[in-house]
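Asker: Can you keep this structure in mind? I'll have questions shortly.
No value in this document is a laboratory result; all are computed from the given coordinates. None of the values given here were measured: they were computed from a predicted structure. Counting neighbours? That spans all protein chains shown, and the Cβs are built from the backbone with ideal geometry, glycine included.
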Amino acid sequence: MATRLKDTDVVVIGLGAAGGVAVLPLAQAGLEVIGLEAGGAMTRRDFAPDEIRNNVRGWPMLASHKTNQEAPTVRATASANAVQGGHPMMNAIGGTSLHYWAQHWRLNPWDFKVVSDTKRRYGASRIPKGSTVEDWPFGYDELEQYYDKIEYEVGVSGQAGNVNGKINPLGNPFEGPRKRDYPMPPLRWTAFHEKMAGAAKGLGWHPFPGPAAINSRTYQNRSGCMYHGFCSTGGCHVDAKNSTAVTTIPRAQATGHFKAVTGATVTSINVDGQGRASGVTYLNNGEEFFQPAKVVLLAGFTYENSRLLLLSKSSAFPKGLSNNHGQVGRHYFSHHQGAPVTALFPFNVGAWYGLPAQGVAIDDFGDDNFDHKDVDFIGGCTLWAMSDRRPIGAAGMNTFGLAPGWGSQWKAFIKENADRSHSSYNQKTTLPYEDNFLDLDPVVKDPLGLPVIRITGEFKENERKIAEYSQNKMEQWYRAAGAIQVTKAPTGGLMGASTHAYGGTRMGDNPETNVVDRWGMSHEVPNLGVLGGSVMGTSGARNPTHTVQALSWRTAEHVVQNWKTLVPNRSQQ
Amino acid sequence: MSDEPRIITRRDILRGVGIAGAAAVTVPASLLSTPDAAAAEPAAAAAMQVPPRPGAPREAFENMTATEADLLEAMVDRLIPSDALGPGAKEARAAHYIDRALGGARSGSKAAYTAGLSALDRYARASRGKGFLELSAADKDSVLMDCESGTATPGIFAGSSGQFFSMVLNHTRQGMFGDPYYGGNANFVGWDLLGYPGVRTMVTAADQKAYEAGQLKPNHKSAYDYDGFNKAVAANHTHTEEMAHGD
């Protein structure tokens with residue numbers, strides 16, 4: 001029997017990038033907030049610059065029992081067998097924002113109106129067959145103020161390209177208009193970044209430094225970046241990476257209205273006789289607790305959000321919570337993060353130090369930033385040239401057919417070339433499709449006996465064509481910068497578990513095709529909100545976290561401003 | 001914690017660090033009985049900086065038999081040989097790195113090593129008429145090429161010889177190029193080979209410029225030579241190879 005805890009105003013499930021942001025405006029408004037986090041707490045002392053621990057043995061994931069034990073199973077199509085793979089995210093206060101790359105992009109205006117813009121410019125036939133893509137219920141303009149809020153509250157460095165319609169050629173000319181500059185200048189460039197930017201300009205492109213939730217100078221009394229080279233899958237030893245663990249969560253705690261509970265594995269969201277969320281049940285050290293709450297905000301990662309809803313069955317919601325329209329798990333998609341292009345230069349690239357969020361971006365081929373009349377896909381890619389190299393990873397470098405993989409010849413090759421290769425990281429549009437979805441695996445269960453989530457997904461023709469297009473552009477860029485060898489990885493098909501996973505609880509006005517409304521609140525359960533990439537209906541060609549956080553802040557603010565409507569009987573604030 | 005190779009490292013002992021804490025952990029006898037570590041006084045630190053003398057007794061392996069250790073040493077010596085360009089995996093103590101990992105974070109691979117090394121030797125005898133250790137360098141290489149391609153598999157390797165080969169190659173690279181804290185990359189020979197100027201906690205714009213100009217000197221430090229980093233990690237029960245980044 002679960003121990004019933006004291007009632008609270010809001011319970012937030014998951015204190016990562018999304019939940020960790022939402023708790024701040026809630027607590028600042030004086031609501032009593034409890035955050036349930038499956039992982040523990042970590043500090044800068046836990047973040048040694050150690051490649052074996054971070055990158056070879058993957059400690060951030062391995063330290064996460066919950067994600068490990070409930071890693072999704074994956075299959076390309078409904079006729080294939082699903083196989084359990086790894087889980088790319090971690091559990092902790094701050095979640096994966098502790099060790100992510102922290103590229104912090106706003107979506108471009110096109111991403112909010114893919115359907116209407118495509119129809120208007122190219123005709124309805126250009127929407128790929130089988131895609132369930134919809135316009136967002138609002139445009140970029142609605143989210144601008146929340147992007148701005150995150151940039152200043154969390155801390156984002158970057159170079160503005162469009163302030164109130166005025167284009168700054170140093171920034172991204174394709175970005176939507178912003179009302180002011182970033183609070184910090186961009187991370188610095190290396191000589192190689194300058195070279196890549198020069199090559200891009202020579203091609204007539206518009207290079208600019210990418211935005212990062214990393215301090216480029218002291219901000220909010222935390223240090224600027226030290227560029228030490230262990231940022232990828234590494235936490236920051238000086239707290240310059242603006243994880244929610246060092247930004248919004250401690251500020252929420254300082255209000256006195258927020259309490260974080262660690263080691264809490266939530267097993268269900270409960271409902272009352274009216275079909276309203278009544279609280280959540282969780283396990284802590286094997287003991288079961290029930291935390292009653294007036295509002296529940298579900299803020300796990302994309303896989304956990306759909307999973308917990310599907311697991312939370314009741315007589316009012318026999319197919320899972322908020323799933324009477326059968327939309328939980330639908331419209332799932334992830335970024336096509338594979339298919340990199342790798343180049344060899346006849347000079348050192350200088351990448352032993354620096355970080356993946358530091359580099360040169362090209363948005364000329366993103367979204368609808370170029371005329372798609374003569375290509376056979378919609379959407380596009382950003383190109384990204386960054387700094388990221390560590391010794392063991394470097395030793396595993398592509399030898400471009402110039403040397404074997406071991407022995408004296410290999411040794412001579414890496415001695416010469418360890419700092420001469422470069423790999424691209426290009427983000428590409430992925431659309432949702434009818435037959436790409438999440439559901440509960442019928443066989444595989446976690447140690448509690450609860451089914452894990454099953455991914456059914458493959459990249460379709462539109463996505464594979466974008467991948468090829470991005471590879472060709474990247475090769476062109478590398479060659480222009482002097483590359484002597486270029487290889488392209490296969491474009492692939494299976495959509496495995498990803499750090500950039502979207503959908504499953506999509507946001508939209510139509511309850512027949514969406515789980516949450518334009519505010520992120522469930523269409524079916526008025527006091528249940530969902531936070532995270534799971535509410536996003538399009539991905540854009542850029543990293544998701546900034547949009548996830550802007551939406552989370554917006555949902556939390558909506559809860560504060562509509563408290564009396566959301567909680568009709570007991571509106572105490 | 002069982003996954004961590006050492007809470008107190010040999011380096012710590014040599015530096016006289018954490019001796020009080022050493023009582024609380026089991027320091028394997030093999031670690032203290034070696035020529036290097038036995039003299040745990042300041043003068044010995046200098047001795048650590050030179051490769052073992054030829055003919056010096058080898059430090060005992062903890063998770064392998066002497067035969068397995070000989071085979072592994074011979075194999076890593078061919079994967080990253082010592083040659084005119086400098087020291088190789090043997091000097092880096094890559095086999096010791098692997099041995100240590102098999103007692104902790106990679107304990108799940110121990111059986112694969114036992115079976116694979118034995119199969120390697122049997123394959124050498126069957127195909128070249130001599131045990132792997134007795135083969136010339138060129139013949140060792142050709143045996144390893146057969147392993148890599150999978151042609152050594154039928155009837156000798158239980159699984160695929162290619163799988164065994166790539167596992168050892170990966171671990172050898174880790175032992176050559178990983179942080180010395182884990183027992184390999186002795187004297188930073190791996191990092192020096194790559195031209196990696198070393199683990200730093202701060203790289204200023206001026207440092208970057210100096211590095212780009214080839215003027216940043218290697219600093220030869222382990223991550224744990226810097227103060228303030230916790231060595232223990234949360235429990236680690238799975239055996240995952242290279243993980244995808246989490247951006």
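Asker: Set the Förster radius R0 to 56 Å, insert the Cβ-Cβ distance between A:Met1 and B:Asn230 as r into 1/(1 + (r/R0)^6), and round the FRET efficiency to 0.05.
Answerer: 0.90
Asker: Also: Starting with the fewest neighbours, write out A:Leu31, A:Leu24 ranked by other beta-carbon atoms found within 10 Å of each beta-carbon.
Answerer: If I rank by nearby Cβ atoms, fewest first, I get A:Leu31, A:Leu24.
Asker: Give the lysines reachable from A:Lys113 as a straight Cα distance under 23 Å; neighbours fewer than 8 places away on the same chain don't count.
Answerer: Correct list for A:Lys113: A:Lys129, A:Lys149, A:Lys166, A:Lys179, A:Lys373, A:Lys428, A:Lys460, A:Lys465.
Asker: Mind listing the long-range amide H neighbours of A:Asp441? Cut-off is under 5 Å, sequence gap 5 or more, other chains count too, H placed in the peptide plane at 1.01 Å from N.
Answerer: Amide H neighbours of A:Asp441, under 5 Å, 5+ apart: A:Val452, A:Ile453, A:Arg454.
Asker: Next up: What are the residues whose amide H is under 5 Å from the amide H of A:Ser268, where those residues sit 5 or more places off or on another chain and H is modelled from the backbone?
Answerer: A:Thr281
Asker: Using 7 Å Cα-to-Cβ label points, what is the A:Lys373/A:Glu434 separation (nm, one decimal)?
Answerer: 3.2
Asker: Now, a different point. What is the fewest-to-most order of A:Trp406, A:Trp553 by other Cβ atoms lying within 10 Å of their Cβ?
Answerer: A:Trp406, A:Trp553
Asker: With a 10 Å Cβ neighbour count serving as the proxy for reagent exposure, in which order, fewest first, do A:Val349, A:Val515, A:Val163 appear?
Answerer: A:Val163, A:Val349, A:Val515
Asker: Please compare each pair in A:Lys195/B:Lys209; A:Lys415/B:Lys217; A:Lys411/B:Lys110; A:Lys294/A:Lys564 to a cut-off of 20 Å on the Cα-Cα distance and tell me which ones are over it.
Answerer: As for pairs spanning more than 20 Å Cα to Cα, those are A:Lys411/B:Lys110.
Asker: Would you please classify the overall shape of the stretch B:177-224 from the alpha carbon gyration tensor, given that a ≥ b ≥ c denote the square roots of the eigenvalues, rounded means a/c under 1.5, and beyond that prolate means a/b larger than b/c while oblate covers the rest?
Answerer: Note, shape of the stretch B:177-224 comes out oblate.
Asker: Same structure, new question: If R0 is 51 Å, what FRET efficiency do you get for A:Lys119 and B:Ala60 from their C-beta distance, rounded to 0.05?
Answerer: Using R0 = 51 Å, I get an efficiency of 0.10.
Asker: Moving on to the next point. I need the shape label for the stretch A:102-206. Rule: rounded when a/c is under 1.5, else prolate if a/b > b/c, else oblate, with a, b, c from the alpha carbon gyration tensor.
Answerer: oblate
Asker: I would also like to ask the following. What is the local net charge at A:Met1, summed over the other residues whose Cβ is closer than 13 Å to its Cβ (Lys, Arg +1; Asp, Glu -1)?
Answerer: -1
Asker: Give me a single rounded figure for A:391-399: the average over its residues of other chain Cβ atoms within 10 Å of their Cβ.
Answerer: Partner Cβ neighbours, averaged per residue: 6.
Asker: While we're looking at this one, here's another question. Under a point-charge model restricted to the Cβ atoms of Lys and Arg (+1) and Asp and Glu (-1), what is the dipole moment magnitude of the stretch B:61-196 relative to its Cα centre, in debye to the nearest 20?
Answerer: Approximately 300 debye in magnitude.
Asker: Something else: Can you find, among A:Ala92, A:Thr491, A:Val280, the residue farthest towards the positive end of the dipole of the protein assembly as shown? Put +1 on the C-beta of Lys and Arg, -1 on that of Asp and Glu.
Answerer: A:Ala92
Asker: Let me ask you something else. List, largest first, the extents of the alpha carbons of the protein assembly as shown along their principal axes, each in whole Å.
Answerer: Here the Cα extents, ordered largest to smallest, are 83, 66, 55 Å.
Asker: Could you tell me how far the Cα centroid of the stretch B:137-166 sits from the Cα centroid of the stretch A:1-71, in Å?
Answerer: First find each Cα centre; the distance between them is then 45 Å.
Asker: Order of A:255-262, A:330-337 by packing, highest average Cβ count within 10 Å first?
Answerer: Sorting A:255-262, A:330-337 by mean packing, highest first, produces A:330-337, A:255-262.
Asker: While we're looking at this one, here's another question. Please report the net charge: other residues with Cβ closer than 11 Å to the Cβ of A:Lys465, K and R +1, D and E -1.
Answerer: -1
Asker: Something else now. Compute the helix-to-body angle for A:19-28: its Cα long axis versus the longest principal axis of chain A, expressed 0 to 90° and rounded to tens.
Answerer: So the helix axis and the longest Cα principal axis differ by about 50 degrees.
Asker: Then there's this: Is the stretch A:215-350 best put as rounded, prolate or oblate by its Cα gyration tensor, with a ≥ b ≥ c the root eigenvalues, rounded for a/c under 1.5, and otherwise prolate when a/b is larger than b/c, oblate when not?
Answerer: oblate
Asker: Please list, by residue number, every one of the trypsin sites (Lys or Arg not before Pro) in the stretch A:1-76 that is coil in DSSP and has at most 15 other beta-carbon atoms within 10 Å.
Answerer: Taking the stretch A:1-76 and a limit of 15 other Cβ atoms within 10 Å, the loop trypsin sites (Lys or Arg not before Pro) found are A:Lys6.
Asker: Normalise the Cα radius of gyration of the stretch B:61-196 by 2.2 N^0.38 Å (N = residues in it) and let me know the number.
Answerer: That works out to 1.00 for the stretch B:61-196.
Asker: Given the rule -39500 (n - 2.57) for each run of at least 4 DSSP H residues, summed and divided by the residues of the protein assembly as shown, what is its mean residue ellipticity at 222 nm, to the nearest 500 deg cm²/dmol?
Answerer: -8500 deg cm²/dmol
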